[in-house]
Amino acid sequence: MSHRAAGPVALLLAVFAAFAAHAASPVFWSVSTQEEFLEGDAENISIDADGRLRIGPGAETIHDADAPFLWTVVRAGDVLWIAGGSGDETGGLIRRIDADGSAETPWRDSGFDVHALAPDGDGGVYAATSPDGQVLAIDANGSTRNWFDPDETYVWALATQSNGTLFVGTGNPGRIYRVAPDGTAALFYDTGATHVRALAIDSAGRLLAGAGSPGHLFRIDADGEAFVLLDSGREEIVSIRESDDGVMLVTAAGQASETAGGASSPGAVASAATAATAVISASSAGGTGNAGPGGAVYRIAPDGVWDIVWDSTEATPYDAVHDAGGGIVIGTGPDGKLFRVVGEPPTTTLLTTAEAQQVTGFATEPDGRIAWTTANPGAVYRMAPTLAGTGSYLSAVHDAETIATWGVIRWRATTPEGGSIRLQTRSGNTATPGDTWSAWSEPYDAADGAAITSPRARYLQWRAELRASGETPILRSVTAAYLPRNLAPEITRLTLHAPGRVYQQTATAGDPPIAGLNGGRDPAAQPNGGAASIGTPLGRQVYRKGLQAFAWEASDPNNDALRYEVRYRAETEDTWRVLARNLADRLFTWDTTSTPDGTYVVRIVASDATANAPANALTATRDTAPFDVDNTPPRIEVAATDGPAGGETVVRVTVTDAQSAVARVEYTLDAESWQAIYPIDGIPDGREEQFDVTLPVDELDRLVVRATDGMNNTSTAGAR
């Protein structure tokens, strides 16, 4: 038999056999879905909706900007215009990149960032600066002049009509100005929102405006009449693009509101709405500072019907654009991921990952390829026409929650001739990998199972390197097995119920049995014990004299199944006796009627023995406070003195109980109505109490005294 024929199961058993001091059952960490793969970091890697990881398209660097943030990009003929800033006093820049890659910087100023550009129709651009918002006009030769200076602090968005009219979107408040080709400006529309974050012109020449706080999309006609096409329910609309067929892509940033129509009614027809106002602070980080993580991309048909084609609670979208293949490419942060959405219903693929934290804007190249700008750091890239030669993937860090012994790593993949997939692992005891982690292992060479060589530790991480020779290899899943160190269970709470307070089990007919009393036991339990789970529905609470119920809660760090033992001892003894063994549940009822009166302690023992080898099983214990078992009624002595007929006498009643305090004493002369009497010292709190009752001498023969102790034991006595 060959070594390979032994298979991954045999290898797994061989690895774990050497580590019997750990939990008996291995744990398997598997990464096989798109959601799971997206938790890691990818470079030149695509991950499709079916969770297949392959080499993605390459990216060509067009320009490295000497600014940390590039927020906007537009194409004017063969020229790319980019703009951004630094977010501090270093200031912003506007740069022109020619077709040959040469670049010029016609404007740079400290204390400003540039958040929007719009073509002027003659090869130049308009640029929006903030704070102290103003609009610059830069011609094709790089000559710069001030074009419009609104009163608002921020200018976030620009759009130009074919006739040369410029629209300017401001922040705090969110207003839109119309600037004529001759430079005359006037207020065009006040959105009532806090910021206007995006502007575009539709195919009919109408203005589209995306607002922030609230995240509404407006359509505004030439007369300034507005209609809300979309209430996104998110913080702000950050991008608007219309394709040749009139379909709009609208990008919204921030988490969805529970009450907004845009968040809860995909496919709805847009309707009129009013905007609300909120006060927020602006930041230079590419947005208003009001949008949290997450966002969505909406597709709006020419008739106003919209649907959500992509959304996320973690990745924040900045822009979305149609590509030459009919897909939708979405740029996001904070991990620089580019997603592509295709088909009906829409399916999402991680297209590639930029070498930056944010993908902030798109422009389409003359050949149909897509270019994009980034922030942190600021650069411009374009999609390469071919796949990258190699791609790498770094998994998320897996927490075994305790020191673990690593077993076998295996993966499922398709590797074409000339291609390869190399997997390596490393381990450590800090949540974030660093210099204190182990070095990367040598590459594993057996996809059907190879023993992990990284040292024992709490955390594990793997990485894969894919190499293509024409066709890309495809990685479908990676599974790593390990044995966590066995940890002791814990009993977190132990409740001693009041004597006699028990619960009936639920039953369909007859007298329901008492939960935890000789019923509902695990089949392997000893005949002297029983339990019912606290988590299962119990019937009504009832009183049964002589029964004592205990309930507890327990957990196991390894998620091992637990079994319980109930022990007891007299308070004055050291030896524990077993009441019940191998209980699966966490409620036990003790019938104390055959137990001598006294003060006792009960101990609950939790064991993980069913999930571990006998030598490695661990236990936890928890004791009750001392409590009384008393099934003997109190003793009553009645001392009465005879007197003359028709006179009165004082009857002295002495009640004594060996175990419990005297709780209540009553008397009757007719066996029907009972009258409570109180101790001579005024407080019924001792095991011996005396009571005086004054009665007519003629009534002594009919006197009956009833005494009850703290455990509800009752006795009666007469005067004669």
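The values are calculated or read from the model by the stated rules, or taken from the named source; none is laboratory data. Since this is a predicted model, take the numbers as computed values, not measurements. Every residue, glycine among them, receives a Cβ derived from its backbone with ideal geometry; neighbour counts consider all protein chains shown.
Per-residue answers, yes or no, for (1) among the aromatic types (F, W, Y); (2) assigned by TED's automatic domain parsing to the domain that holds D591; (3) modelled with pLDDT under 95:
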| site | (1), (2), (3) |
| --- | --- |
| T621 | no, yes, no |
| D642 | no, no, yes |
| T649 | no, no, yes |
| S660 | no, no, yes |
| V665 | no, no, no |
| G686 | no, no, yes |
Looking only at region 179-219, which residues are without any contact (Cβ under 8 Å) to a residue 12 or more places away in the chain and either hydrophobic (A, V, I, L, M, F, W, C) or under 13 Å from I237 (Cα atoms) (or both)? A186, A204
For the structure I just gave you, tell me whether D132 is more than 26 Å from L70 (Cβ to Cβ) and assigned to a loop (DSSP other than H, G, I, E, B). no
Among the residues of region 462-493, write down those that are within 30 Å of S607 (Cβ to Cβ), modelled with pLDDT of 95 or more and of a type in the set (D, E, K, R). E490, R493
Test A615 against the criterion of being over 30 Å from T402 (Cα atoms), surrounded by fewer than 18 Cβ atoms within 10 Å (Cβ to Cβ) and touching a residue at least 12 places away in the same chain (Cβ under 8 Å), and give yes or no. no
Just checking, does region 364-379 include any residue being out of contact with any strand residue (DSSP E or B) (no Cβ under 9 Å at 6 or more places or on another chain), touching a residue at least 24 places away in the same chain (Cβ under 8 Å) and not aromatic (F, W, Y)? yes
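What residue, of Y189, Y177, is more than 21 Å from T72 (Cβ to Cβ), buried (at least 17 other Cβ atoms within 10 Å of the Cβ) and among the hydroxyl-bearing types (S, T, Y)?
Y189
Return yes or no: is P512 over 20 Å from E43 (Cα atoms) and crowded, with 19+ Cβ neighbours inside 10 Å?
no
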Examine region 31-38 for a residue that is part of a strand (DSSP E or B), closer than 27 Å to E355 by Cβ and at pLDDT 95 or above, and state whether such a residue exists. yes
Considering every residue within region 410-422, establish whether at least one is within 28 Å of the chain's Cα centre (by Cα) and in a loop (DSSP other than H, G, I, E, B). no
Across region 365-401, the tally of residues that are among the charged types (D, E, K, R) and either surrounded by fewer than 15 Cβ atoms within 10 Å (Cβ to Cβ) or touching a Ser or Thr at 6+ places or on another chain (Cβ under 9 Å) (or both) stands at 3
For V228, indicate whether it is under 19 Å from A128 (Cα atoms) and at pLDDT 95 or above. no
For region 1-30 the number of residues that are modelled with pLDDT of 95 or more and either hydroxyl-bearing (S, T, Y) or closer than 17 Å to L394 by Cβ (or both) is 2
